[in-house]
Amino acid sequence: MTTLTGPTTAHTLAALIGYHLRGTLKNRFAIVFGAVQPFLYLVLFGPLFDRSGVGSWAVLVPGLLVQLGLMSAGMVGFTIVFDQRFGVLERLRVTPASRVALLLGRVFKDGLVLLVQAVVIIAAGFFLGLRAPLPGVLLGLLLMVVLSVGMASLSYAAALTIKQELFAPVMSTVAIPLMLLSGALLPMSLAPAWLDVVSRLTPFRYAVEALRALFAGAYASPDVLWGVLVTSAFVVIAVAMGTRIFQRENS
Amino acid sequence: MIHARGLTKTFGDVEAVRGIDLDVSAGEIVGLLGPNGAGKTTTMRMLTTLLRPTSGTAAVAGCDLLADPADVRRHIGYVAQGGMIGPFSPVGEELELQARLYGMRRTEAGERVTRLLAELDLSGVERRIAASLSGGQKRRLDIAMGLLHRPDLLFLDEPTTGLDPQSRADLWERVRRRREQDGLTVFLTTHYLEEADALCDRVLIVDHGRIVASGTPRELKSAYGAATLDDVFLSVTGREPREGAAA
């Protein structure tokens with residue numbers, strides 16, 4: 001035996017994040033493609049939104065960031081299907097790496113990729129006319145990354161649970177209503193009462209409103225508090241579910 | 001090295017493994033032999049912590065399989081039937097990750113990978129992708145993956161399926177050498193009787209989820225008055241060994 005004590009979790013996580021990151025960087029197309037949808041909304045829908053009287057770029061861009069977190073992180077489960085097919089997943093599961101590290105290595109990588117995509121969207125937004133305070137933007141990015149980590153965990157859990165050919169249709173069927181109900185595209189203040197109620201039952205609405213408040217510089221508002229609380233609860237539950245699925249394959 | 005008692009595994013209504021007892025001593029090469037669907041792979045997946053037994057107990061490499069799977073994982077190597085490396089990522093990166101997951105520092109991992117690849121006649125493949133390797137090379141690479149952390153016990157699931165006879169004999173030779181040099185214990189599944197005959201000190205014949213015969217290849221042949229393990233197999237299971245075999 002080389003090591004009797006075994007690797008630390010930090011050591012294991014660093015190795016896994018580095019490995020998954022290298023794998024993702026090899027496929028730069030996927031990184032660009034993941035950000036295409038919000039980017040198109042920004043460029044082709046943003047100018048209309050800005051002139052509609054509903055709100056400015058500082059209202060739209062936070063919504064598009066949540067859209068990015070939901071849709072792009074929602075699809076990351078695809079990659080684990082290949083790892084499963086080629087035996088990579090099984091190989092990792094026979095190592096002493098903890099099951100939560102096996103999941104976190106993937107979702108932290110996804111969070112980093114999402115962060116880069118989000119920075120590009122925000123930069124493009126500034127170019128088009130977005131104005132927001134830097135601390136608000138940074139805190140907003142942090143919240144979005146946390147949300148994406150949760151969404152990515154659920155995506156891997158789904159990919160390991162449902163049939164491979166059903167993964168993409170199921171994920172988009174779930175993610176699109178959640179995205180629309182979050183008020184990412186148009187604020188829910190415009191919604192009729194029933195839609196507003198349904199929207200309040202979904203977690204992402206709170207993230208969208210918190211991000212908008214942060215971009216408006218209202219750091220101490222109830223919207224920010226609720227967004228942080230709901231998003232934190234979401235990520236804890238999602239990572240717990242993801243870890244359970246990684247473990248359950250063991251039972 | 002392995003002591004299992006009453007291992008069973010049920011998938012829904014299907015009893016894949018129906019009560020297996022087995023003991024493997026340190027330094028032994030033991031083969032689990034049987035037709036496809038006999039329960040070989042399920043047994044191996046239980047012993048390697050990949051599947052939780054429905055009932056039964058086992059100590060693997062001195063650790064309790066159910067209570068302490070993480071400790072079992074530290075001491076065993078496992079080479080899956082279908083390989084364990086994605087086709088398009090550089091071999092060196094896969095090996096480095098594997099070494100680091102067992103706690104090696106980056107420089108230590110690099111040295112270990114270089115040495116092990118040289119021992120397996122794979123020097124210089126680090127930058128290549130797995131898809132560019134030959135069948136025999138890929139299999140040796142899988143074995144390198146299983147041996148990186150110097151396990152006490154190596155599990156090989158159908159190690160030579162799909163290899164040509166020359167690569168197969170080469171692999172047997174390498175496994176035997178590991179045992180002689182490092183005292184490695186090897187537990188393998190196979191449906192090639194000549195593999196069991198040539199490589200294994202002891203053979204366990206498994207059918208319908210139970211061990212139906214066991215002994216050294218020589219003992220088995222003399223007990224059943226058979227010239228080859230094929231004949232032993234036929235008289236024990238009433239079937240041709242490759243019946244229903246996919247590969």
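Here is how the numbers come out for the structure above:
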| quantity | calculated |
| --- | --- |
| Helix A:204-215 vs. chain A, principal-axis angle (Cα, 0 to 90°, nearest 10) | 60 |
| Potential lengthening between B:ASP13 and B:SER132 on full extension [0.36 nm per residue; Cα-Cα distance subtracted] | 38.6 nm |
| Residue order, fewest to most surrounding Cβ atoms within 10 angstrom, among A:LYS109, B:LYS221, A:LYS163, A:LYS26 | A:LYS163, A:LYS26, B:LYS221, A:LYS109 |
| Mean separation of Cα contacts under 8 Å (6+ apart) over length of chain B, as relative contact order % | 27 |
| B:ALA198-A:ALA30 FRET efficiency (beta carbon distance; Förster radius 35 Å; 0.05 resolution) | 0.15 |
| The range A:19-34 - phi-based ³J(HN,Hα) in whole Hz, Karplus 6.51/-1.76/1.60, Gly and Pro as x | 5, 5, 5, 4, x, 5, 5, 5, 10, 4, 3, 5, 5, 5, 4, x |
| Column: log10 I(q)/I(0), Debye, Cα scatterers of the protein assembly as shown, q = 0.07 Å⁻¹ | -0.47 |
| Inter-label distance, nm, simple model (7 Å from Cα along the C-beta direction), B:ASN36/B:PHE88 | 2.9 |
| Cα-only Debye scattering, the range B:34-86: base-10 log of I(q)/I(0) at q = 0.23, 0.26, 0.30, 0.31 Å⁻¹ | -0.92, -1.06, -1.21, -1.24 |
| Helical contribution to [θ] at 222 nm, DSSP H n ≥ 4, -39,500 (n - 2.57), averaged over chain B, rounded to 500 | -11500 deg cm²/dmol |
| Convex hull per residue volume in Å³, alpha carbons only, for chain B | 123 |
| Label-point separation in nm, A:LEU225 to A:ILE162, each point 7 Å along Cα→Cβ | 3.7 |
| Reachable aspartates and glutamates, given that their alpha-carbon falls under 13 Å from the alpha-carbon of A:LYS26 and they are not under 8 places away in the same chain | B:GLU93 |
| Per-residue [θ]222 nm for chain A (sum of -39500 (n - 2.57) over DSSP H runs n ≥ 4, rounded to 500) | -25500 deg cm²/dmol |
| Sum of side-chain charges, B:LEU133 neighbourhood, beta-carbon under 11 Å (Lys, Arg +1; Asp, Glu -1) | +3 |
| Relative packing of peptides A:66-73, B:134-141, A:229-236 - highest average C-beta neighbours within 10 Å first | A:66-73, B:134-141, A:229-236 |
| Beta bridges by DSSP in the protein assembly as shown, antiparallel share as percent, to the nearest 5 | 55 |
| Neighbour net charge for A:ARG22 - beta-carbon separation under 11 angstrom, K R +1, D E -1 | -1 |
| Under 27 Å from B:LYS40, Cα to Cα: lysines that are on another chain or at least 8 residues apart | A:LYS163, B:LYS9, B:LYS138, B:LYS221 |
| Which of B:GLU158, B:GLU119 has the fewest Cβ neighbours within 10 Å, and the rest in rising order | B:GLU119, B:GLU158 |
| Neighbour net charge for B:GLU15 - beta-carbon separation under 14 angstrom, K R +1, D E -1 | +1 |
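Readers should treat all values here as calculations from the given coordinates under stated rules, not as data from a laboratory. Since the model is a prediction, treat every value here as computed from it, not as a measurement. Glycine also receives a Cβ, built like all others from the backbone with ideal geometry; neighbour counts cover every protein chain displayed.
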